[in-house]
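One structure is given here, and the rest of the page talks about it.
The values are calculated or read from the model by the stated rules, or taken from the named source; none is laboratory data. All values derive from a computational prediction rather than experimental measurement. Cβ coordinates were reconstructed from backbone atoms using ideal geometry, including for glycine residues, and neighbour counts include every protein chain displayed.
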Amino acid sequence: MLAILGGSGLAQLSSLSETRRISARTAYGEPSGPLTLGKIGGREVIFLPRHGDAHSIPPHQVNYRANIQALKDAGVSRIAAVATVGGIRREFGPGALVVPDQIIDYTWGRASTFFEGPGARVTHIDFTEPYSAALRNDILAAARACGEPIADGGCYGSTQGPRLESAAEIARMERDGADLVGMTAMPEAALAREAGLEYAAIAVVANHAAGKGDSAHAISLTAIEAVVEQAMQRVRRILEQLAAR
Ligand code: HPA
């Protein structure tokens, strides 16, 4: 079953029908909220907004382990994550949609593995390709089928937040090879891999990253909201296509 992990601007998924909500509990605590089970195009889908129903959980306080574990327990095998990001690469301006293919982790202090604690064995996972190639292709095909332009590939730099970055931090990330900056890809993607779930993302560019383009001197937070609201209409269409596949 497919799960959709909603980000900022996607706290509801109105296209879900016949919904029911289930409160989940895991050994890692509670997920960001109840899981919403429903159907899109006749297919069962689970929706979970990462920041909670009321958008009250900041990126560094999301219980990523509980979210991934709860989805796995509910029978999920594939996770399509939606995340708003800042664009570092010139082509990734506000409103662009990107299916990233790489990650650099700049987060710290987050509970970032299932493989720790009493009785756990030291376990390493392969993370060379952090996103599922199959699910990335399905998202790209879904976007193509509904005529929504979407970029294939980009490196997502995951920062701690909740503050945005300084211009120098973005310049450093650019030198590192990051094309996008967001706050939630890690540890989410790594935990999904540890749990054996396919994981891929739709990154929604909300703004030029700090110091870039029209964010040369500051990032306009009011402009972000309008961009995200518009872009999420397109993301919803892609997700409907994806679920129907
Ligand atoms: N930086 C980090 N996360 C973000 C940004 C940004 O500029 N925009 C939206 N999410």
Quick check on the stretch 153-164. Is at least one of its residues out of contact with any strand residue (DSSP E or B) (no Cβ under 6 Å at 6 or more places or on another chain) and farther than 23 Å from Val62 by Cα? yes
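How about the stretch 27-115: which strands (runs of 3 or more DSSP E) wholly inside it have at least 3 residues that are out of contact with any Ser or Thr (no Cβ under 7 Å at 6 or more places or on another chain) and closer than 20 Å to Leu135 by Cα? Quick ask: steps written out before the conclusion?
Values: elements: 35-40, 43-49, 78-87, 97-99, 102-105.
Fully inside the stretch 27-115 and qualifying: 43-49, 78-87, 97-99.
Residue by residue, here is whether (1) touching a strand residue (DSSP E or B) at 6+ places or on another chain (Cβ under 6 Å); (2) at pLDDT below 95; (3) surrounded by fewer than 16 Cβ atoms within 10 Å (Cβ to Cβ) holds:
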| site | (1), (2), (3) |
| --- | --- |
| Gly119 | no, yes, yes |
| Ala142 | no, no, no |
| Glu148 | no, no, no |
| Ile170 | no, no, no |
| Arg175 | no, no, yes |
Please tell me if Pro94 is within 13 Å of the ligand (Cβ to nearest atom) and in contact with a helix residue (DSSP H, G or I) (Cβ under 8 Å, 6 or more places away or on another chain). yes
Using the structure shown, decide if Thr107 is away from the ligand (no atom under 16 Å from the Cβ) and within 18 Å of Ala192 (Cβ to Cβ). no
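Yes/no per residue for (1) among the basic types (Lys, Arg); (2) within 16 Å of the ligand (Cβ to nearest atom); (3) under 17 Å from the mean Cα position of the chain (by Cα); (4) at positive phi:
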residue: Thr113; (1), (2), (3), (4): no, no, no, no
residue: Pro130; (1), (2), (3), (4): no, no, yes, no
residue: Leu140; (1), (2), (3), (4): no, no, yes, no
residue: Arg172; (1), (2), (3), (4): yes, yes, no, no
Pairing a residue in the stretch 54-67 that is more than 14 Å from Ala24 (Cα to Cα) with any residue that is away from the ligand (no atom under 16 Å from the Cβ), where Cβ atoms lie under 6 Å and the two sit 6 or more apart in sequence or on different chains, gives Ile57/Ser32
Say whether the condition of being of a type in the set (Val, Ile, Thr), within 18 Å of Arg236 (Cβ to Cβ), in contact with a helix residue (DSSP H, G or I) (Cβ under 7 Å, 6 or more places away or on another chain) and at pLDDT below 95 is met by at least one residue in the stretch 39-60. yes
Some residue of the stretch 232-245 being more than 17 Å from the chain's Cα centre (by Cα), away from the ligand (no atom under 12 Å from the Cβ) and charged (D, E, K, R): yes
